[in-house]
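All remarks here apply to the structure that follows.
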Amino acid sequence: MPSDYVEFLTSIGAGTIGDSQYSLYSGLIDPDFIYGDDRQQVENILFFGDDFQGFNAGFKTDEAWCIVEVNPLDLEVSIVAPNFQTFIREIIAQL
């Protein structure tokens, strides 16, 4: 696991951010848990949070652990940040 993610969880913790606008899980979630049989498009991603609207974010384990987001409508995977620190700062700034 990336050290910036581990450091954030140990110093800040998991839970909701903002007025329940973003959720950080207490650990990484396997794609099977979220997507079940539709997981083929999201393999090699370990999920750490969501925006309560179906967009899940996670680490793309086969691409240097960059941060990706999955669109709930078509399961399209988009790279959104190079690391967790950059991602979480952007999320907090938007809230």
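A short reminder: the numbers here are calculations on the coordinates, not readings from a lab. As the structure is a prediction and not an experimental result, all values here were calculated from the model. Ideal geometry is used to build each Cβ from the backbone, glycine not excepted, and the neighbour counts take in all protein chains shown.
General observations
- Less than 5 angstrom separates the built amide H of residue 66 from those of 60, all sequence-distant by 5 or more or on a different chain.
- Here's how it looks for residue 75: its modeled amide H is under 5 Å from none belonging to a residue 5 or more places away or on a different chain.
- Note that the range 28-42 has calculated 3J(HN,Hα) couplings of 7, 10, 6, x, 4, 5, 8, 10, x, 5, 8, 6, 3, 6, 10 Hz, one per residue in order, obtained from phi through the Karplus relation 6.51 cos²θ - 1.76 cosθ + 1.60 (θ = phi - 60°); glycine and proline are x.
- Under the simplified labelling scheme, the residue 39-residue 90 pair shows an inter-label distance of 2.6 nm, with each label point 7 Å from Cα along Cα→Cβ.
- Sequence-separation-based contact order of the range 3-94, relative, with Cα cut under 8 Å and 6+ spacing, percent: 20 percent
- For the range 15-26, the Karplus equation 6.51 cos²θ - 1.76 cosθ + 1.60, evaluated at θ = phi - 60°, returns couplings of x, 8, 10, x, 7, 6, 9, 8, 10, 9, 6, 6 Hz by residue, with Gly and Pro reported as x.
- The length gained by stretching the chain between residue 25 and residue 11 to full extension, at 0.36 nm per residue less their Cα-Cα distance, is 3.6 nm.
- Label zone at residue 1, where the point sits 7 Å out along the Cα-to-Cβ direction: the range 75-95 residues whose backbone N lies under 18 Å: 83-89
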